[in-house]
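See below for the structure under consideration.
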Amino acid sequence: MNKWIILFAGLLLSSVALAGEEIDRTLAADADGEVLVSNIAGTVVIRGWDRKEVRVTGELGKGTRELIFERDGSNVEIRVEIEKGRNRRVHGTDLEIWLPRKSEIEVITVSADIEVGDVHGKQRLESVSGTVDTQIWDSDLYVRSISGDANVTGHGHAGMVTINLVSGDADIENVSGKIEVQSVSGDLDLELGDINEVRVRSTTGDMDVSGKLAKGARVMIESINGDAILMIHGQVSAEIEIETFNGDIDNCFGPEARRTSKYAPGRELSFTAGDGNGEIRIKTLNGDVTLCKK
């Protein structure tokens, strides 16, 4: 009798699906547990809900071996395994996952897009050759993408957002708190809420940052090849320093920029706006800088 109870419990905590099989599996989960997802190709769509369970639907693509779906304590793992051997062509596996809204998630994909909605816990999303599209509330977010764009929509709550891109654009909207974005090649568009601390760095690509400065806010923008725009909503109170090696500076308020040398094309601008309790630093090597407020 006991061995049947143990076997039944094991079936509840672990589930395996084979290639070509339609997937519709459910496991019980903690309301604030951690869910780890990995997929080689296809899509991963994640939705938060009120149930204390994780549900996975989809179909395993050709070239995959099985789907591992198991729970270990407060952790749930969803992993697509591919067939072993060389020259295996893997067709996309599209997964749709429902999980408790307060879960922490970690998603790793290769040649697969990631889409997340209504998940309030921490998110760590990593993709190679895939787009990352997510919504966040007041928890931290980390995104790393190679050859793919990142789209992040916030809901005005403060958190810590870190985004690292290689060959991809970033579109960030209504996010507040501490934000750090780095890009090797791609344009960055940040329409922020309240700015506490923002660091934006780009090797090749234009940067457009806008938002309202909180008291004591810090803004650091650096570019090697690309233009930088900072649009501030409301009053400005900050120590401001802007420098270009080869580019113009357009300031919509305060003094005009001056040339760093009569022999070089660079310009610089340094002044205090308001009480000066914040800090704004913008530096470009080859690119123009625009500073405005509205």
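Within the straight-line cut-off of under 18 Å between alpha carbons, the lysines reachable from K102 are K52, K122, sequence neighbours fewer than 8 places apart in one chain being disregarded.
If you take the Cα centroid of the stretch 199-272 and the Cα centroid of the stretch 117-149, the two points sit 28 Å apart. Loop-located GluC sites (Glu not before Pro) across the stretch 231-275 with a Cβ neighbour count of 14 or fewer within 10 Å are E256, with loop assigned by DSSP. Largest first, the extents of the alpha carbon coordinates of the chain on the three principal axes equal 87, 42, 23 Å. Counting lysine pairs in the stretch 136-294 that sit 8 or more residues apart in sequence, or on different chains, and whose Cα atoms lie under 19 Å apart gives 7. Remark: spin-label model distance R199-S237 equals 2.5 nm, labels positioned 7 Å along the Cα→Cβ axis.
For E22, the shell of other residues with beta-carbons less than 15 Å away shows a net charge of -3, using +1 for Lys and Arg and -1 for Asp and Glu.
Any read-out appearing in this document is the output of simple, stated calculations on the displayed coordinates, not a laboratory observation. Just so it is clear, the structure is predicted and the values come from calculations on it, not from any experiment. Neighbour counts are summed over all protein chains in view; Cβ atoms, including those assigned to glycine, are modelled from backbone coordinates with ideal geometry.
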